[in-house]
1. Take T257 and Q224, extend 7 Å from each Cα along the Cα→Cβ direction, and tell me the distance between the two endpoints in nm.
2. Which Cα, out of M109, A49, L164, lies furthest along the positive dipole direction of the chain (beta carbon charges, K/R +1, D/E -1)?
3. On a full-extension model of 0.36 nm per residue, what is the gain between D660 and M58, subtracting their alpha-carbon distance, rounded to one decimal in nm?
4. With 21 Å as the limit, write out which pairs from K397/K731; K490/K574; K256/K397; K348/K372; K12/K163; K486/K633 have Cα-Cα distances beyond it, or answer none.
5. Based on DSSP, what percent of beta bridges with both residues in the range 46-149 are antiparallel, to the nearest 5?
6. Need the C-alpha centroid separation for the range 208-250 versus the range 111-180, integer Å.
7. Say R0 is 51 Å: what FRET efficiency, to the nearest 0.05, do L177 and R551 get from their beta-carbon distance?
8. To the nearest 10 degrees, how steeply does helix 571-582 sit against the main Cα axis of the chain, on a 0 to 90 scale?
Amino acid sequence: MLTLETPVQFVKGIGPTIAKMLAEKGVATVEDLLLHLPFRYEDRLNPRALNELKPGEMASVIAEVRGAVLLRTKRMPIFEMTVGQGLSSMKCMWFHGTYLEGKFRPGQMVALFGKVEASKSGRGFKMIQPQFEVLPDGHDDALDRILEVGRITPVYESLSGSKLASRWIRRTVWNVLEELKGIPETLPREMPESVLTRLDLLSREQALREVHFPPAGTAMAQLQAAATPAHRRLIFEELFYLELGLEVKRRRFQEKTGIAFETSEKVRAALREILPFHPTTAQKRALGEIAADMRRGAPMRRLLQGDVGSGKTIVALQAMLIAIENGHQAALMAPTEILATQHYLSAKRVLEKAQHKYRITLLTGSLDEDRKRAARRRIHQGETDLIIGTHALIEEKVEFAKLGLVVVDEQHRFGVLQRFRLMKKDGAEPDVLVMTATPIPRTLALSLYGDLDLSVLDELPPGRTPIVTRLVTDERADEVWEFVRKQVAKKHQVYVVYPVIEGPKDDQPELDFALPDEVPEPAKKKSAKKGQSEALFPKLPLKSATDMYERLRTQELADLRVGLLHGRLDADEKEVVMRRFQRGEIDVLIATTVIEVGVDVPNATVMVIEHAERFGLAQLHQLRGRVGRGGAKSYCILMTGGKISPHAEERLAAMVRTQDGFELAELDLELRGPGEFFGTRQAGLPDFRVANLLRDRKLLELAKVESARFVQKASEEATAEERARVAARLKDTWQRRYGLAEAG
Ligand code: ADP
Ligand code: MG
């Protein structure tokens, strides 16, 4: 008997071989298979007639193959096919279409989906690279005919090449749903009854059936937008369990014993003493919120969000002083050595002014073993107050004498659903403050970081002027270097950023970050359209930081003091270069994305980014945020070489158009999808199966509200048996999907 938990291997038509292929796509159980939802639907009940198409629209067409030919043009082979309906006909073209040779026979019926374009002759239409499916005819199986024509047909992303493509998935899903039909108890209600009723949600079984095989009359627009009641039911369930887990975690956490710090007049005087400037209203407010948390007995878990340059560091430093003045240690964790080093240098500078001398320790991976050991000993013995270092190092290897507060800078590089495994001698939970410049839309942040409280710096320090952003091609490089020299003559400093450290064999992006490659790979999810267009823009050899450093310092910028900074330098070298740049002893810093986050040298006024088309929007925004930090007018010059893809063009145009982090974040979400925006893997964000955080933001909020309510009212609204089921499901979901051993 089939249940949702049955391994796919035992589904009719799936043996060990196919099960193995499916496993590679993360499809292990019947449920996994059923949650592999169609990525679009075709209306093959009322397909469009060829003579009523309009140029520019996306359309589904069913037509007969009239003829097909592979044209070997000078640039590439093009597969051309003519399809017809009665007297009307249409041309379809596939670039590099050799693989299509022999695939079609005249007289066959095909379903095509693509963008309608006017043909060159002006009469009739064509489709470039449409998606297609050869439809079953009288010789084919009756079930195929039922599932593929005369209905709203689901179209799936293949689960393994052409073998496990749409047709196979349709049949298999259909068979599974049929088999499950007779045995209702195999689909237990996965949602609390009270929630289902209140929100008027479909049953799980009905939702699964309709999401794959929508009843005739379902609005196509709703289907394509994943907004049918069936979609909403499944999406809501996924988000509900995410939010429920976060809610439970937060509550558990609130019950733990933390440290109740005091903010006496003496402490406040210490905070005031180190302030190098008047804090902005937003900074004061954020510090107030943090201090209030720190005074409470429950441990703090707070997210401080503020766009690049909004001044998060000083707020963190003040929070750390509260802990230190109360006799505890504070730790600041940064995602890169360079940033840790910079924090160390600037903390030293700021704290030097204080009467009471604070003891600061830097701890990064590339310190030599002796120094690391000595640092760890000081921390362990309580001989240091403020520990600054890279994240992994502090979290994994250090035992603290009396840790009171942990600050995590640039959280978007770390896990969202992160556990802190800090070793400490005494029992109390340290407070945690997490900082991010990722301009996550507020509602999204609240729901996502469901186990954190949120403070926002929504104001920049005074005196900032907008950064002038220009887009230029490589051909104008001479003018760019000329401009750089002029700025240096005015005593300003310049960054020049490259996507790789060494070239040309070394196509590795900067290692400190291991960023997901922004340039979409053709085979990637959901990128059928994108992939094809990107394939027309082959990658050019990349200029690298090391090569260009050699070149610029001997040629174009020979008269200037040029420095080089990237992730493969060892810690001492990095520190020396950073320090010299900060002191103004280097005019032009050639770098990789190691400087992307956090680096703060207010005298730098120009950010030149070569191969700007290779960077993602969030990255470009961060990089640009390295300038415009002082009073002087600042510039960001985005250089591109050769042809760039439409998506890259859109990104660069957006950079020129706006400096608003939130606007850029929204656009980035649209272009890349939330998973990639947050860098799903490194961010520790779950890979959603049916939900999409951008599209389903409203449902996410609803899920947050409902899950909080359920936790609060479970004893009134749910039976003990139901509560146990929900708890079991929660545990299972968090373990399986989010890889957390202790759910909550
Ligand atoms: P981010 O939020 O990106 O980490 P930083 O904390 O590095 O920003 O601050 C950016 C720059 O602005 C630093 O040079 C910092 O000294 C300066 N700064 C921060 N707050 C203020 C303020 N209230 N007035 C003037 N300058 C400030
Ligand atoms: Mg910062």
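1. Spacing of the two 7 Å Cα→Cβ label points: 6.1 nm.
2. A49
3. Details: separation 602, 0.36 × 602 = 216.72 nm, distance 3.22 nm.
Here the answer is 213.5 nm.
4. Flagged as over cut-off: K397/K731; K490/K574; K256/K397.
5. Working: 30 of 35 bridges.
Just about 85 percent of them are antiparallel.
6. Cα centroid of the range 208-250 versus Cα centroid of the range 111-180: 23 Å apart.
7. Numbers: r = 63 Å, r/R0 = 1.23.
In this case the efficiency is close to 0.20.
8. Here the helix axis deviates by roughly 80 degrees.
The values are calculated or read from the model by the stated rules, or taken from the named source; none is laboratory data. All values reported here derive from a predicted model rather than from experimental measurement. Glycine gets a Cβ as well: all are built from the backbone with ideal geometry, and neighbour counts include every protein chain shown. Please note that ligands, DNA and RNA were not included when accessible areas were found on the heavy atoms of the full protein model with its side chains. Shrake-Rupley method; radii C 1.70, N 1.55, O 1.52, S 1.80 Å.
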